[in-house]
Amino acid sequence: MHPVSRRRFLAVSAASAGTAAALALGAPSALAAPSGRAAGGRRPFGRHGSPAARRTPQTLYVDPLGRGDFTTVRDAVTAAAGSGWTLVLAPGVYRETVVLDATRTEAAWIGASEDPRDVVIVYDNAAGTAKPGGGTYGTTGSATTTLQAAGFTARWITFANDWLRADHPDITGTQAVAVKVQGDRSAFHHCRFLGHQDTLYADSMSLTAFARQYYAHCYVEGDVDFVFGRATAVLERCHFRTLSRTDLTGAPYGFVFAPSTAGANPLGQLVTGSRISSEAPDAFYKLARPWVPSSDTTARPMLTVRDTRMDAGIDAAAPYTNMSASFPWQSQRFAEYRNTGPGARITVPENRPQLTRDQARSATREAYLGDWEPWKGEC
């Protein structure tokens, strides 16, 4: 199937089952037919109120069909100045770029149908895409959604970037970010992140800012470094799916994680109770490689993967590799603990650093996130 089907999927219906192969969604529940709520029912905002029955004075309703306060997420964000606003998004495809700046703290975005397939925020810029007025967007500028404010929460939303290499063979800057998250205390529950290269950018506002982020029951897909950045990020009970590629003839197709943790930060990325599946051939993906960016050559990338099933797409014999020979992965902070599946087999022990039981006691969501407990409350 030609990869352009992904764009057709997003343009027609956020929940279409006809292009499942192109999306590589994997989980059977992701292939279900659109719900009645997604098809434009009488209650586009579900149980979350409406403009006529507003949940709170700081709740705004967004619907592309015009039944809310705004038809675009961007316009709703502009109107929601200050702290504590909630946006309820009706089912639909929102083709736009959105920036939630640092002044709009304690915001919440809710997918009204409570099915992330129904609410999709998507655009198609890449790092090498030409900007109006000259230059290119770069990796950060390619993001469909940029979230800078502290205290952000999203539930039941798909964040996507549907830029495709096959459509742009002349562009070499193929990073295409679905969402860049920079704020401290940013939480995502039951969300999806769709893209290819650099899908989920878990970052912070500056080199010295340690942003805590939490992703629970989420789905993330991609090929190259598709979960990356310097945030202290806990990814719990998530499903990561590696995509097939037609532009390469051999392994590796890509890398799941690429942390760039600051050297002064004791905590980087923690993946726990999750699954890594693949539509690519066996052993065609690396689990991770360290990213030491030119803007912070003192970075010491940190990733711990524990209690996670790795399917055969992960290269069990050599799951890590270097992004630069100057910063070998062995000098970084990579570790595993009690993982299962063919991609987690320890066939070359020196290539699979393991935590001890005592060390594992400090590799928990509580230890990483401190007094912030985003897993509590309604999900």
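See the values below:
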read-out	value
Accessible-area order (highest first, 1.4 angstrom probe) of the listed residues LYS376, LYS286	LYS376, LYS286
Gain upon complete extension [ASP75, MET205; 0.36 nm per residue less C-alpha separation]	44.5 nm
Sites ARG338 and THR298, calculated FRET efficiency, Cβ-Cβ separation with R0 25 Å, nearest 0.05	0.20
Computed helical MRE - 222 nm, the chain, DSSP H runs ≥ 4 contributing -39500 (n - 2.57), nearest 500	-1500 deg cm²/dmol
Debye intensity ratio I(q)/I(0), log10, region 269-379, q values 0.12, 0.13, 0.20, 0.21 Å⁻¹ (C-alpha model)	-0.47, -0.55, -1.12, -1.18
Magnitude of the charge dipole, the chain, Cβ model with Lys/Arg +1 and Asp/Glu -1, debye to 20	620
Within region 69-168: Cβ-based charge dipole about Cα centre, in debye rounded to nearest 20 (Lys, Arg +1; Asp, Glu -1)	240
Top of ALA251, ALA108, ALA216 by mean-square fluctuation, Gaussian network on the chain, Cα under 10 Å	ALA251
Antiparallel DSSP beta bridges within the chain, as percent of all bridges there, nearest 5	0
Shape parameters for region 81-131, alpha-carbon atoms, Rg then Dmax in Å	13.4, 36
1.4 Å probe accessible area per residue over region 232-379, in Å²	43
Region 269-301 versus region 50-75: alpha-carbon centroid distance in Å	38
Net length gained if the chain between GLU114 and THR56 were fully extended (0.36 nm per residue, minus Cα distance)	19.0 nm
Residue-level accessible surface for ARG365, protein heavy atoms, 1.4 Å, Å²	60
Separation of the ASP170 and THR103 label points, Cα + 7 Å toward Cβ, nm	3.9
Distance between region 318-367 and region 83-143 - C-alpha centres, whole angstrom	33
Within the accessible area of the chain (1.4 Å probe), percent carbon and sulfur	52
Solvent-accessible heavy-atom area per residue, rounded to whole Å², over region 34-188 at 1.4 Å	38
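The values are calculated or read from the model by the stated rules, or taken from the named source; none is laboratory data. This one's a predicted model, so the numbers in the text were calculated from it and none came from an experiment. Note that each Cβ is placed from the backbone with ideal geometry, even for glycine, and that neighbours are counted across all protein chains shown. Surface areas here come from the heavy atoms of the whole protein model, side chains and all, with no ligands, DNA or RNA. Shrake-Rupley method; radii C 1.70, N 1.55, O 1.52, S 1.80 Å.
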